[in-house]
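Let me begin by presenting the structure, written as structure tokens, before commenting on it.
The values are calculated or read from the model by the stated rules, or taken from the named source; none is laboratory data. Just so you know, these numbers come straight off a predicted model, no measurement behind them. Every residue, glycine among them, receives a Cβ derived from its backbone with ideal geometry; neighbour counts consider all protein chains shown. Ligands, DNA and RNA are excluded from the accessible area calculation, which covers all protein heavy atoms including side chains. Shrake-Rupley method; radii C 1.70, N 1.55, O 1.52, S 1.80 Å.
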Amino acid sequence: FDRQRTFTWSANLGNALAIGNVPDDLDVTSFEGTYRINGEFFATKFDEGQVPLTMPMLGTTEVWSMKNTSGQSDPSLPAQINIPLLEWHPFHIHQNDFVVLEINGIPVSDLKSAYLDGVLSDTIGLPPTYDPSQPPTVNNPYGTPKVDGETSEVKVVMEFEDFPGSYVNHCHILFHED
């Protein structure tokens, strides 16, 4: 592989509160700051958040590791607003397909169900943190969700052959995009 990248996804209502938002189910913009990739979020004002862009080179193959810390407390937040959310995030990338290599350290070829080894995809579910006393297995590669559990991780491989420039990766739940 030519390059490896890591993207860390998170969901904590406290991050919205910390920037002055009060989450309201009727106003998607009130959740800005809650859902993040590598500590950044999609913002309605350009200077308040950063879209996670990646610029792979044509003719390269990259392994991307998507870690989902959704469910973990954020040590940078005060306890009274630290509200971790156990959230699944369907990772989606524009312009390119990928092949899932492993889910929580289990090779896709060993899984009893879920994803077919070697099949091209453009979206995959990133499970939330899991209970270490009920870890992922070949029958359940996601484990049992648990607040302040272990970080989940999905690895994919992508060959960049057709489209030069920036690639946006995001959660395919539009509400999570802020």
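Laid out as a table, the results:
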| read-out | value |
| --- | --- |
| Mean separation of Cα contacts under 8 Å (6+ apart) over length of region 71-156, as relative contact order % | 36 |
| Gaussian network model of the chain, springs between alpha carbon atoms under 10 Å - residue of Val168, Val147, Val157 with greatest fluctuation | Val168 |
| Contact order normalised by residue count of region 111-152, Cα under 8 Å, 6+ apart, percent | 41 |
| Anisotropy class of the chain from Cα gyration tensor, a/c 1.5 cut | oblate |
| Region 1-84: C-alpha gyration tensor shape, a/c 1.5 cut-off, then a/b vs b/c | prolate |
| The chain: relative contact order as a whole-number percent, Cα under 8 Å and 6+ apart | 29 |
| For the chain, accessible area per residue (1.4 Å probe, heavy atoms of protein chains only), Å² | 51 |
| Label-to-label distance, nm, for residues given as Asp24 and Ser76 (7 Å Cα→Cβ offset) | 2.7 |
| Percent carbon-and-sulfur accessible area, the chain, ignoring ligands, DNA and RNA, probe 1.4 Å | 52 |
| Proximal lysine pairs, the chain, alpha carbons under 26 Å, eight or more residues apart or interchain | 6 |
| Those trypsin sites (Lys or Arg not before Pro) in region 5-73 that DSSP places in a loop and that have at most 15 other beta carbons within 10 Å | Lys45 |
